[in-house]
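Colleague: Structure below; questions to follow.
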Amino acid sequence: MSAPPTGKGEPITDRRQLVEWFERGCKPKAAWRIGTEHEKFAFTTADLRPLPYEGRASIRALLDGLADRFGWQRVLEDGRPIALVKDGCSVTLEPGGQLELSGAPLETLHQTCCEVHTHLDEVKKVAEPLGIGMLGLGFNPKWRRDEIPWMPKGRYAIMRAYMPKKGTLGLDMMLRTCTVQVNLDFASEADMVRKMRVSLALQPVATALFANSPFLEGKPSGYLSLRSRVWLDTDPDRSGMLPFVFEEGFGFERYVEYLLDVPMYFVYRDGRYIDAAGQSFRDFLEGRLPALPGERPTISDWADHVTTAFPEVRLKRYLEMRGADGGRFRTICALPALWVGLLYDETSLTAAADLVADWTAEERQRLREEVPRLGLATPFRGGTLLDIARTVVALARAGLARRARLNWDGEDETRYLAPLEETVATGLTPAEVKLRRYEQEWGRSVDPLFTEFAF
């Protein structure tokens, strides 16, 4: 989730401005960048409890420590730090205190992994003296929903009240999930369409490869990616596989129409969030928003609204890959490696587009629904998703090799695919590895996760 918006910007006088907002995201290939985001659970090392916002071992203490020791600038809401910014990066809070790094737009995966390493090192230096640890998983393995403190952000209070009206698991999504995602650029509307179709179709493959959330309240949940399962019952108005993306004529204008049908959450004015949950941005354009009668939106309001849709791939002024569970350091580097290799190399992108070209909407949806439980074993066209995953990882490797971006040791970016190549070689997702250890080594306890898989 983002830091507080400004509520400012040019007024919207013509619907064409909404389309132009997306069009301004088009960039020449030389300007394409990689923006990686990852979330992690914070806990007390003494008793493996979630952190409150206030106190010695707390989220606020983490934020203050990062600001004081490493030069991050605090972002305040009602006088309290709720985010940090520095050098094009931000550290933000998810509703249950999950700590997120939103990285700067970078040229290479080497820079991305360096950025992540630096962030994790800073967090560890602040956290350890406070008795705080950090864990990368897709779903909280131990705590009940009612055990997790809510963070003091205005938009979360609005979402907290609205979520249960649309699905049964929205509050779990807010409080108990973590993800890794990568944001990638496009050159033109046509380039965006091709990349969005490929990435949407293959998003269940990424979900399976990165499946890393098999536990619920200390026991196996029956799912390999419980995080992904939660999204199936969060809010159908703003999530899912977007079948219209594959229809003839899809482009920026069609995506705008989709967003205008996504109910609003809020409007930000004068430092506060105004509850507009369930109301229509179409009405807002006409000056008929019940929350702000007679007022019309600004471009900043539109930019805020765009962030309240949560499909598997989200279009902003770049494309966000949203299908992966949170994980360890190698996972955080592997996700952008997968998608950069597929989408930033023309040969691999063409091959991936050919791979998914004849997949039907029913097949794509079935994969989306079955992958959270079955992972790479999900049946598909006479085989399993593992067969597709092996092809996809190989295409990504070839794309990264052709990019030929070398680090200081002369190594290219293919090195970051190693975790995925291990997964497709064994056929075991990270979740299945943990389930085996739960049964065989951990005495059917999830507590070892907090030491063996902590950052």
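The values are calculated or read from the model by the stated rules, or taken from the named source; none is laboratory data. Note that the coordinates shown come from a computational prediction; the quantities given were computed from them, not determined experimentally. Virtual Cβ from ideal backbone geometry, glycine too; neighbours counted across all protein chains shown.
Colleague: Restricting to the range 217-259, name every residue that is among the aromatic types (Phe, Trp, Tyr) and either at pLDDT below 95 or within 29 Å of Arg436 (Cα to Cα) (or both).
Modeller: Tyr223, Trp231 - these are the residues of the range 217-259 that are among the aromatic types (Phe, Trp, Tyr) and either at pLDDT below 95 or within 29 Å of Arg436 (Cα to Cα) (or both).
Colleague: Also: Restricting to the range 260-319, what's the tally of residues that are in contact with a Pro (Cβ under 8 Å, 6 or more places away or on another chain), in contact (Cβ under 8 Å) with a residue 60 or more places away in the chain and among the aromatic types (Phe, Trp, Tyr)?
Modeller: Adding up the residues that qualify gives 1.
Colleague: For Arg322, which of the numbered conditions (1) of a type outside the set (Asp, Glu); (2) closer than 26 Å to Thr118 by Cα; (3) part of a helix (DSSP H, G or I) fails to hold?
Modeller: Every condition holds for Arg322 apart from (3).
Rundown of residues vs (1) under 25 Å from Phe186 (Cα atoms); (2) in contact with a strand residue (DSSP E or B) (Cβ under 9 Å, 6 or more places away or on another chain); (3) not aliphatic (A, V, I, L, M), yes/no style:
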residue	(1), (2), (3)
Pro11	no, yes, yes
Val19	yes, no, no
Cys26	yes, no, yes
Asp87	yes, no, yes
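Colleague: Which number in (1) assigned to a loop (DSSP other than H, G, I, E, B); (2) touching an Asp or Glu at 6+ places or on another chain (Cβ under 7 Å) marks the one condition that Tyr53 misses?
Modeller: All conditions are met except number (2).
Colleague: Scan the range 199-252 residue by residue and report those that are of a type in the set (Ser, Thr, Tyr), touching a helix residue (DSSP H, G or I) at 6+ places or on another chain (Cβ under 6 Å) and not in a helix (DSSP H, G or I).
Modeller: The answer is Ser213, Tyr223, Ser225, Thr234, Ser239.
Conditions tested, residue by residue: (1) modelled with pLDDT of 95 or more; (2) at positive phi.
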| residue | (1), (2) |
| --- | --- |
| Gly9 | no, yes |
| Val19 | yes, no |
| Phe22 | yes, no |
| Ile34 | yes, no |
| Glu37 | yes, no |
| Lys40 | yes, no |
| Leu48 | yes, yes |
| Leu51 | yes, no |
| Ala57 | yes, no |
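Colleague: Another one. Tell me, which residue of the range 31-48 that is more than 24 Å from the chain's Cα centre (by Cα) and not in a strand (DSSP E or B) is surrounded by the fewest Cβ atoms within 10 Å (Cβ to Cβ)?
Modeller: Asp47
Colleague: Return the residue satisfying two criteria in turn: it lies in the range 339-369 and is free of Cβ contacts under 8 Å to residues at least 40 places away in the same chain and of a type in the set (Val, Ile, Thr), and of such residues it is nearest to Val198 (Cα to Cα).
Modeller: Thr350
Colleague: When the residues of the range 201-228 are narrowed to those that are of a type in the set (Gly, Ala, Ser) and within 18 Å of Asp172 (Cα to Cα), which ends up nearest to the chain's Cα centre (by Cα)?
Modeller: Per the criteria, the residue is Ser228.
Colleague: Restricting attention to the range 382-405, and to residues there that are without any contact (Cβ under 8 Å) to a residue 24 or more places away in the chain and in contact with a helix residue (DSSP H, G or I) (Cβ under 8 Å, 6 or more places away or on another chain), which single residue is surrounded by the fewest Cβ atoms within 10 Å (Cβ to Cβ)?
Modeller: Among those residues, the one meeting the criterion is Ala401.
Colleague: Among the residues of the range 116-151, write down those that are among the charged types (D, E, K, R) and surrounded by fewer than 20 Cβ atoms within 10 Å (Cβ to Cβ).
Modeller: Scanning the range 116-151 gives Asp121, Glu122, Lys124, Lys125, Glu128, Arg144, Arg145, Asp146, Glu147.
Colleague: Moving on to the next point. For Met241, state whether it is farther than 23 Å from Arg24 by Cα, touching a residue at least 40 places away in the same chain (Cβ under 8 Å) and hydrophobic (A, V, I, L, M, F, W, C).
Modeller: So Met241 fits the description; yes.
Colleague: Filter the range 260-313 down to residues that are among the aliphatic types (A, V, I, L, M) and part of a strand (DSSP E or B) and give me whichever is surrounded by the most Cβ atoms within 10 Å (Cβ to Cβ).
Modeller: Filtering the range 260-313 for residues that are among the aliphatic types (A, V, I, L, M) and part of a strand (DSSP E or B), the one surrounded by the most Cβ atoms within 10 Å (Cβ to Cβ) comes out as Val267.
Colleague: List the number of the failed condition for Ala357; all other conditions in (1) farther than 22 Å from Ala187 by Cβ; (2) among the small types (Gly, Ala, Ser); (3) over 15 Å from the mean Cα position of the chain (by Cα) hold.
Modeller: With (1) farther than 22 Å from Ala187 by Cβ; (2) among the small types (Gly, Ala, Ser); (3) over 15 Å from the mean Cα position of the chain (by Cα) applied to Ala357, the lone miss is (1).
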